[in-house]
Ligand SMILES: [Zn+2]
């Protein structure tokens, strides 16, 4: 998709499944199940959407890098990881190699967002994949990623993080960063302490990547906040502000985990309910 001076490619690292209950926090299943069908183990399908922003200067800015493929058979089964489709294949389909990525912006460092930071070499050790990229992450995300507590331990996996951290490859910023003209990163918190979104403004258009503030279109309802979110009240307020902004500016809304949509437009429906129109 051409977006002002930028080209945005909608890449993905394929699909996986997570517990439907965990995806909707305190919302009872009878309310969410119409919008998010589940399998016999109560898991719903999610896709790892990773937009690639190509700048007029020839930079390739990748946003998150999916689950990667360092999984054991047991983990592949638990998460129902669909190995038929992956991010490196999507890059190759556009004539790109991992070495062509100039910047990797990490919204946060959970296992389904930075998996391709590394892959296993012949010795079975994790080695870096995007060797020429700056790895950008908001400063406060790194502390818990390095030393996760009992709640965070299952979501920050050391083979995705430690090899790059040891080599000093993470470049941190505080709260906000203008990465390129009109491309701004901004910390929201909510999901994790350092969770960060981006806005892209060019040629009179605006796009907002909501990250985990609205992982799927079903999460457009304000109180539908994931149980994974460490600071749900922050998520609620961030969503409220982002929805208002997206409606006001008629922004394209980019989704990180929707299984069917990379991009939608939000609109006000009946009784002030938020509805959406698929775009990509
Ligand atoms: Zn996450």
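The figures follow:
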| item | result |
| --- | --- |
| Percent RCO, i.e. relative contact order, over the range 82-172, from Cα pairs under 8 Å lying at least 6 residues apart | 30 |
| Residue among 235, 103, 55 with the largest mean-square fluctuation in a Gaussian network model of the chain, springs linking Cα atoms under 10 Å | 55 |
| Share antiparallel - DSSP beta bridges, the range 125-206, percent rounded to 5 | 75 |
| Taking the chain and dividing mean pair separation by its residue count, relative contact order in percent (alpha carbons under 8 Å, at least six apart) | 17 |
| Relative contact order (%) - criterion: Cα under 8 Å, at least six apart; region: the range 6-123 | 33 |
| Reference-scaled alpha-carbon Rg (2.2 N^0.38 Å with N residues) for the chain | 0.95 |
| Value of [θ]222 nm, deg cm²/dmol, for the chain, DSSP H segments ≥ 4, -39500 (n - 2.57) each, nearest 500 | -5000 deg cm²/dmol |
| GNM top mover of 67, 31, 177 - the chain, alpha-carbon springs below 10 Å | 31 |
| Rounded if a/c under 1.5, otherwise prolate or oblate - the range 107-191, Cα gyration tensor axes | oblate |
| Choice from 167, 80, 22 showing the highest fluctuation, given a GNM over the chain with Cα pairs closer than 10 Å | 167 |
| Antiparallel bridge percentage (DSSP; both residues within the range 20-179; nearest 5) | 40 |
| Beta bridges by DSSP in the chain, antiparallel share as percent, to the nearest 5 | 75 |
| Residue exposure sequence - 173, 105 - by fewest surrounding Cβ within 10 Å | 173, 105 |
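All of the numbers you see were taken from the coordinates with simple rules; none came from a lab. Everything numeric here is computed off the predicted structure, so don't read it as measured data. Note: ideal-geometry Cβ built from the backbone for every residue, glycine included; neighbour counts use all protein chains shown.
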